[in-house]
1. Could you give the accessible area per residue of the stretch 75-230, probe 1.4 Å, as a whole number in Å²?
2. Under a crude label model (7 Å from the Cα following the beta-carbon direction), how far is Asp273 from Leu203 in nanometres?
3. Considering only protein heavy atoms, what is the solvent-accessible area of Ile71 at a probe of 1.4 Å, reported in Å² to the nearest 10?
4. Please report, in whole Å, how far the alpha carbons of the chain spread along each principal axis, starting with the longest.
5. Count the DSSP beta bridges whose two residues both fall in the chain, then state the antiparallel fraction as a percent rounded to the nearest 5.
6. How far apart, in nm, are two points set 7 Å out from the Cα along the Cα-to-Cβ line at Thr368 and at Glu141?
7. GNM on the chain, C-alpha springs below 10 Å: top fluctuator among Ser34, Ser350, Ser255?
8. Treating the angle as unsigned and between 0 and 90°, give the value, to the nearest 10°, between the Cα long axis of helix 316-333 and the longest Cα principal axis of the chain.
Amino acid sequence: MVRKPADSDSGFKVTISPRGAARLKDGHVWVYRSDIVSADGVPAGALVSVVDHRGQFLGSALYSSASQIAIRLISHEPVADFPALLRQRIADAIAYRERIVRDTNAYRVVFSEADFLPGMIVDRYNDILSMQILTQAMDAEVVRQTLISELTERLHPSSIVERVDPRVRQLEELPARPSGLVSGELGSTIFTMNGVQFHFNALEGQKTGAFLDQRENYGAACAYARGEALDVFCYQGGFALHLASRCSHVAGVDSSRPALEVADQNAALNRRDNQPEIEWIEANAFDLLKDYASSGQRYDTIVLDPPAFAKSKRDLAAAVRGYKELNLRALKMLRPGGVLVTCSCSYHVSQADFLQMLADAARDARRTLRLVEVRGQAKDHPILLNIPETAYLKCVIAIVS
Ligand code: SAH
């Protein structure tokens, strides 16, 4: 593979179809390979000028030779100095977080398209930054060095780690590389959100960090939670640890033992005399809910936060069936006045699909649901209205009668 570092608008040109051009004019930034008319001689990961079929300039974009998303627009203008543009965008992303992030030292600093930096993700866990590169263009050495130097200068982290998703690199036809430190030496730290403390270990375990997108939903769930609580798909205890300040008993369920081990360490960090000890249960959530529901277990608060069931549009029907089964069982187990906190992180299941699924589950369970809050992802994961894919998380809080 021939690779050219993207450092300036280097004369490469990609011509797109009228349909691709219409998409950009609508405010989206992606053009699919099927809408590329010509990309002759354009190297993998190049910065390119995008033109329509009449040769009219539409903007500057990052090209991928492998992805179905062939170009991602990065500017409506020609780009003379790509590293300078990156530095400005990173500075803007950091400044945006200063306006909208509260009560935490862990949040997403850069969220790809939503920060006009397609293919780049940076999370902050207190004094450690975790970066993830998702595209050929962002993998260029000049981009990495610019990112690392700008983050270091502005946020003064103890260290920066790179989190590699091998599948993403394979799909982008990028050479494999290990996850690990890219600057500094510190591999673990403790971060705080809403006053609750969590371990972060970049070099061991699952390396995924936390689900920062749920941070504001933890607080919202807490505002209504009560009594006996069950956190289903609890991972390292995000909801359960928050619920412990409000509930008389809390149990968390997950199929991953390593996740539950961290959850237990997190519980020890936050243990207060007036709070219940959290019980961690290693189980398949579907089996456990079925057993508990049929054996008459009852709860006052249930959180459902499963992994994405729909990875593509084709999976929609099966995903909705999965969500419905979980929600139906949870509704049957909630005492009158109980609180359901139910989430979906599948982009392909829209908010409307999700609410319809919940309505169907409530009808089948013969329970009446009152919606208290219909929520989404935390504000440090910005939603761009013209890029629907930036909005993916649903979190509905409802009270059953
Ligand atoms: N609520 C968590 C995030 C959940 S992510 C938080 O706020 O941090 C989804 C979790 O579901 C993962 O921890 C994964 O291990 C778990 N999981 C996936 N399939 C499962 C299953 N069938 N039963 C139980 N847990 C499962």
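The values are calculated or read from the model by the stated rules, or taken from the named source; none is laboratory data. Treat the numbers as computed from the prediction; the structure is a model and nothing was measured. As a convention, Cβ positions derive from the backbone with ideal geometry for all residues, glycine included, and neighbour counts pool all protein chains shown. Note: accessible area is taken over every heavy atom of the protein model, side chains too, but ligands, DNA and RNA are not part of it. Shrake-Rupley method; radii C 1.70, N 1.55, O 1.52, S 1.80 Å.
1. Numbers: 6610 Å² over 156 residues.
With the other protein chains kept in place, the stretch 75-230 gives 42 Å² per residue.
2. Output for this residue pair reads 3.8 nm.
3. 0
4. 68, 47, 36
5. Numbers: 47 of 74 bridges.
That works out to approximately 65 percent antiparallel.
6. According to this spin-label approximation, the distance is 6.8 nm.
7. Top of the fluctuation ranking is Ser34.
8. Helix 316-333 sits roughly 30 degrees off the main axis of the chain.
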